[in-house]
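Asks: My questions will all concern the structure given below.
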Amino acid sequence: MVHVMRAVLEVSVPEGFDLWPVAGADASGFLALTGRLSPAEVGTAVTALAACNRPAGEGDDRPPRDAAGTFLRGLLSSDEVFAAGGLRVVDPGTGVAFVPGCCDGLEDWRDWYRLADGDGTLGFGHEPVSPAAERHGDTLRLTVDAERDDSPVIELPAHALRGMLAGVERDLAAFLDLAVAWAAVRVPGHDRALVAALARALDVPPPTGTT
């Protein structure tokens, strides 16, 4: 069976949030970014990204005329957007899931190409959970928690990684296409700036015609 790699965003919605419809996160706390999301799920992704890029100390007092613009301000104005999350890999044969750690950011997903190009190690967090990805010759080894001797592990052929990463990029591009339509409806005054910010956060080119 084929291992499944997805770009996932750690999502949480501020209590009482009502700027646009959102969907709750599943039990994992992650949302996979693909072209198959509902408008409410796109709203959840935008909300999560805006929340984790709000300037430190910024309160919730929002001017009534542009509450959305105020909430999005940090996301729209930052050159270096942080996207809590990363790449999730699931082994359908065993059910083992390799998920992003506390120090992982989806904006750095292309770092995985270092493992496609040669041997090396990528670490994605620290205690209490320390995910790590290592390449040894023709094998890619994903350790769910490198601090545990008995940690679940996923092993797959290293030559499969480049194709999996290409699939991630297609998913992210498809998500951005959804975001274009979503932003035009929900934040029409900020739609182009928002799509550009999302493209920076996900490290993919903005859709044609949005720049």
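Asks: State yes or no: is ASP203 open to solvent by 40 Å² or more (accessible area, probe 1.4 Å), within 30 Å of ALA67 (Cβ to Cβ) and touching an Asp or Glu at 6+ places or on another chain (Cβ under 8 Å)? Write out each step before concluding.
Replies: On the way: open to solvent by 40 Å² or more (accessible area, probe 1.4 Å): yes; within 30 Å of ALA67 (Cβ to Cβ): yes; touching an Asp or Glu at 6+ places or on another chain (Cβ under 8 Å): yes.
For ASP203, the condition - open to solvent by 40 Å² or more (accessible area, probe 1.4 Å), within 30 Å of ALA67 (Cβ to Cβ) and touching an Asp or Glu at 6+ places or on another chain (Cβ under 8 Å) - is met.
Asks: A further question on this structure: Which of the following residues is open to solvent by less than 10 Å² (accessible area, probe 1.4 Å), modelled with pLDDT of 95 or more, under 20 Å from the mean Cα position of the chain (by Cα) and not acidic (Asp, Glu): ALA179, ALA173? Don't jump to the end; show me each part of the working.
Replies: On the way: ALA173 fails: open to solvent by less than 10 Å² (accessible area, probe 1.4 Å).
On inspection, the qualifying residue turns out to be ALA179.
Asks: Now for a different question. Just checking, how many residues over region 182-200 are among the small types (Gly, Ala, Ser), open to solvent by 30 Å² or more (accessible area, probe 1.4 Å) and part of a helix (DSSP H, G or I)? Before you say what the answer is, go through the steps one by one.
Replies: Here is the first cut: in region 182-200, the residues among the small types (Gly, Ala, Ser) are 183-184, 189, 193, 196-197, 199.
Those left that are additionally open to solvent by 30 Å² or more (accessible area, probe 1.4 Å): 184, 189, 193, 196.
Narrowing further to those that are part of a helix (DSSP H, G or I): 184, 193, 196.
The number of residues fulfilling the criteria is 3.
Asks: What number of residues in region 1-57 are under 19 Å from VAL180 (Cα atoms) and of a type in the set (D, E, K, R)?
Replies: 2
The rows are residues; the columns are (1) outside any loop (DSSP other than H, G, I, E, B); (2) in contact (Cβ under 8 Å) with a residue 24 or more places away in the chain; (3) out of contact with any Lys or Arg (no Cβ under 7 Å at 6 or more places or on another chain); (4) not aromatic (Phe, Trp, Tyr).
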residue	(1), (2), (3), (4)
ASP149	no, no, yes, yes
ARG162	yes, yes, yes, yes
ARG170	yes, no, yes, yes
ALA174	yes, yes, yes, yes
THR208	no, no, yes, yes
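The values are calculated or read from the model by the stated rules, or taken from the named source; none is laboratory data. Everything quoted here is computed from the prediction, not taken from an experiment. So basically every Cβ, Gly included, is an ideal-geometry build from the backbone, and we count neighbours across all protein chains shown. Ligands, DNA and RNA are excluded from the accessible area calculation, which covers all protein heavy atoms including side chains. Shrake-Rupley method; radii C 1.70, N 1.55, O 1.52, S 1.80 Å.
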